[in-house]
Amino acid sequence: QQIELLAKQAQEIRKRKELSLMIYEATLRFKPQIGHTYHLYEKHDGTHMLSLVAPNEWGGAGPFKQFIATVQLLADHTWKEILN
């Protein structure tokens, strides 16, 4: 049981790392603030963009290829996915 817990924690850390790398390579048109919620999208050219606008606020498909995740910037400057 403890091994399963450690494996789950390792998977969560790996996912946070991958998400953080995507975001730090993404287009940002603002300075993210610790504790705030943002939305990560993949653009049609394969790059990523962090946005203040949620998927349901675009009024349609929006200008992106796909929505990746809703995220929050943590105090250690890594990102956590916010699950609804």
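The values are calculated or read from the model by the stated rules, or taken from the named source; none is laboratory data. Everything numeric here is computed off the predicted structure, so don't read it as measured data. Positions of Cβ are generated from backbone atoms using ideal geometry, with glycine treated the same way; all protein chains shown enter the neighbour counts.
Pairs meeting the criteria (first residue in the stretch 67-84 and surrounded by fewer than 13 Cβ atoms within 10 Å (Cβ to Cβ), second residue part of a loop (DSSP other than H, G, I, E, B) and at pLDDT 90 or above, beta carbons under 7 Å, at least 6 apart or on different chains) are 75/34.
Yes/no matrix, rows are residues, columns are (1) of a type in the set (Val, Ile, Thr); (2) in contact with a helix residue (DSSP H, G or I) (Cβ under 8 Å, 6 or more places away or on another chain):
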{"residue": "7", "(1), (2)": "no, no"}
{"residue": "10", "(1), (2)": "no, no"}
{"residue": "14", "(1), (2)": "no, no"}
{"residue": "24", "(1), (2)": "no, no"}
{"residue": "28", "(1), (2)": "no, no"}
{"residue": "33", "(1), (2)": "no, no"}
{"residue": "40", "(1), (2)": "no, yes"}
{"residue": "47", "(1), (2)": "yes, no"}
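Taken as a whole, the condition of being exposed (fewer than 11 other Cβ atoms within 10 Å of the Cβ), in a loop (DSSP other than H, G, I, E, B) and at pLDDT 90 or above does not apply to residue 3. Residues that are of a type in the set (Asp, Glu) and assigned to a loop (DSSP other than H, G, I, E, B) were ranked within the stretch 13-49; the one that is nearest to the chain's Cα centre (by Cα) is 25.
So that you can scan it fast, the table gives a plain yes or no per residue for (1) at pLDDT below 95; (2) in contact with a Ser or Thr (Cβ under 9 Å, 6 or more places away or on another chain); (3) closer than 19 Å to residue 76 by Cα:
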residue	(1), (2), (3)
25	yes, yes, yes
32	no, no, yes
36	no, no, yes
43	yes, yes, no
46	yes, no, no
53	yes, no, no
56	yes, no, no
60	yes, no, no
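Look at the stretch 22-48: where a residue is on the phi > 0 side of the Ramachandran plot and a partner is loosely packed, with under 10 Cβ neighbours inside 10 Å, sitting 6+ places away or on another chain with Cβ atoms under 9 Å, you get 35/75.
Could you list, in sequence order, the residues of the stretch 50-83 that are in a loop (DSSP other than H, G, I, E, B), under 14 Å from the mean Cα position of the chain (by Cα) and under 19 Å from residue 13 (Cα atoms)? Outline the logic, then answer.
Narrowing the stretch 50-83 to residues in a loop (DSSP other than H, G, I, E, B): 52-54, 58-65, 74-78, 82-83.
Among the residues that remain, those that are also under 14 Å from the mean Cα position of the chain (by Cα) are: 52-54, 74, 77-78, 82-83.
Within the stretch 50-83, 74, 77, 78, 82, 83 qualify.
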